[in-house]
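The values are calculated or read from the model by the stated rules, or taken from the named source; none is laboratory data. Being a predicted model, the structure only gives us computed values, none of them experimental. Reconstructed Cβ throughout: ideal geometry from the backbone, glycine too, with neighbour counts over all protein chains shown.
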Amino acid sequence: MKKYYILFLIVFVTISSFSQNLQLHYGYTENNNYALARFEYLKAREKSITYLYTDFDIGRFDGMHQAYVELSHKFLLPRIDERLNIHVEYDDGLMINRDREDVTVGTPIRRSYLTGLGFRGQIGEFIVSPTLLFKYYDAYNQLDYQFTLRWRGDFFSEKLTLSGFLDLWTYSPNNNETKYLVFRTQIQFWYNIIDELSVGTQFEVNQHYFIYDDKFRVLGTVALKWNM
């Protein structure tokens, strides 16, 4: 199994050393419909992997409701174990209300810096990447923790792709003694029509994600993806 994983890494770095895609989503919530544009960029080198992820939520009648950026870099550790990596990450963004009111209310998505230890492995047809992280919020001088799991699998001669992530992290929204465990996961299903174009759907489940009650919320979209 180990030699097959090493072979996968060689192929991944050689063939998929650079990839980027643009996704256009259309979703529905109990309050309104919304559009989402997502851009992903991945650059793999022999000893590192860089990943950029941006979301633009066009949820207002007059423009954008939310913008978010996530930039991460993995330093691979082949001398210790080819599956291990040191992960560093920067997260930032902003959001404003969706209401059609004269007064616009907005808030930043608190800037955070993350670092920790990651692992890359294979379970069946899926490549999985769990990571344990320290998470520091700049505005509050607050240290928290995060667990991230990413996965991707290709099936039926790469006509069907299943991918997604799961995040768990701790957060105190008012920098007080009350801490919440935030849960968020997104699962994507893609049918790859040609190498450049895919159609699919995305499901998100979250709890305590900017709304601090105990409800789980489910969001769904239909989407197009252009692989550039």
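Below are the figures for this structure:
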item: Residue in the range 214-222 that is aliphatic (A, V, I, L, M) and touching a residue at least 60 places away in the same chain (Cβ under 8 Å) present; result: yes
item: Any hit, the range 6-18, residues being within 30 Å of residue 117 (Cα to Cα), at pLDDT 90 or above and either touching a strand residue (DSSP E or B) at 6+ places or on another chain (Cβ under 9 Å) or aromatic (Phe, Trp, Tyr) (or both); result: no
item: All positions within the range 41-88 that are out of contact with any Lys or Arg (no Cβ under 7 Å at 6 or more places or on another chain), surrounded by 18 or more Cβ atoms within 10 Å (Cβ to Cβ), of a type outside the set (Ser, Thr, Tyr) and under 24 Å from residue 127 (Cβ atoms); result: 44, 74
item: Cβ pairs under 7 Å, 6+ apart, first in the range 169-192 and surrounded by fewer than 14 Cβ atoms within 10 Å (Cβ to Cβ), second polar (S, T, N, Q) and in a loop (DSSP other than H, G, I, E, B); result: 178/172; 179/172
item: Leading residue by the ranking (modelled with the lowest pLDDT) among those in the range 127-156 that are over 18 Å from residue 42 (Cα atoms) and crowded, with 16+ Cβ neighbours inside 10 Å; result: 140
